[in-house]
Amino acid sequence: MVFEYVKALHIIFIVTWFAGLFYIVRLFIYQTEALEKSPEEQKILKPQLDIMAKRLWLGITWPSAILTLIFGTWTLTYRLGYLELGFMHAKLGFVVLLYIYHFICHGIYKNLQNGIAKWSSTKLRIWNEVATVLLFAIVFLIVLKSLLNMLWGVTGLIGLSILLMLAIKWYKKKRQQH
């Protein structure tokens, strides 16, 4: 019975972590674009966006990432045999990439809190889709538990990535027309 509670908590914190990751990069885009505004607009926008980012990043996203790791590790202790299976190696590899993504976001967060925008809003829009691709990879691997199906999943991820890039380019072009 404990396993089900631990697994449920793991899933809950995965959801809140991804929610934070998806929204923080949107805030990065807004913060970056705010830095391009007039000083009067910056004076209003920057403090508000900074506090929103701080509350999300430190109050939701970081705690969720830590609790996901704790409950994920705990869940895995009930299924140690999974560590011998290829699908779990691949899944854990994507999870490592997700934590790398998280740490890179932390660097972007710190820079933007100090008024330094090293990434353009277009690059941030593309960056925002990385979490989506990782989410698809992790969920398909853990649900399907198959390396063969993972190959189909990777093919689907490549297709999804291409569609996302095309959508980003289309959206940028549409925004520039207005």
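The values are calculated or read from the model by the stated rules, or taken from the named source; none is laboratory data. All of these numbers come straight from a predicted model, not from anything done at the bench. Cβ coordinates were reconstructed from backbone atoms using ideal geometry, including for glycine residues, and neighbour counts include every protein chain displayed.
Annotations for the structure displayed:
- Hits in segment 114-139 (condition: within 18 Å of Glu33 (Cβ to Cβ) and in contact with a Phe, Trp or Tyr (Cβ under 9 Å, 6 or more places away or on another chain)): Ala117, Trp119, Ser121, Leu124, Arg125, Trp127, Asn128
- Comparison of Glu129, Glu84 shows that the only residue that is acidic (Asp, Glu) and at pLDDT 90 or above is Glu84.
- Enumerated helices (runs of 4 or more DSSP H) restricted to segment 59-178, each holding at least 2 residues that are closer than 22 Å to Thr16 by Cβ: 62-77, 86-113, 121-144
- In segment 71-79 there is no residue that is at pLDDT 90 or above, within 30 Å of Leu166 (Cα to Cα) and in contact with a helix residue (DSSP H, G or I) (Cβ under 6 Å, 6 or more places away or on another chain).
- Residue satisfying condition, being more than 28 Å from Val154 (Cβ to Cβ) and surrounded by 17 or more Cβ atoms within 10 Å (Cβ to Cβ), within set Ala53, Ala65: Ala53
- In segment 1-30, the residues that are closer than 23 Å to Thr132 by Cβ reach residues that are assigned to a helix (DSSP H, G or I) and charged (D, E, K, R) with C-beta atoms within less than 7 angstrom, at least six apart or across chains, in these pairs: Ile29/Arg125.
- Taking the criterion of being free of Cβ contacts under 8 Å to residues at least 60 places away in the same chain and acidic (Asp, Glu), the residues of segment 37-57 that qualify are Glu40, Glu41.
- Residues of segment 1-44 that turn out to be in a helix (DSSP H, G or I) and under 24 Å from the mean Cα position of the chain (by Cα), as a count: 29
- Note on segment 106-121: among residues that are in contact with a helix residue (DSSP H, G or I) (Cβ under 6 Å, 6 or more places away or on another chain) and under 23 Å from Phe13 (Cα atoms), the one that is surrounded by the most Cβ atoms within 10 Å (Cβ to Cβ) is Tyr109.
- Residues in segment 77-87 that are touching a residue at least 12 places away in the same chain (Cβ under 8 Å) and either surrounded by 15 or more Cβ atoms within 10 Å (Cβ to Cβ) or of a type in the set (Gly, Ala, Ser) (or both): Gly86, Phe87.
- Hits in segment 88-105 - residues which are loosely packed, with under 15 Cβ neighbours inside 10 Å, farther than 25 Å from Ile168 by Cα and among the aliphatic types (A, V, I, L, M): Val96
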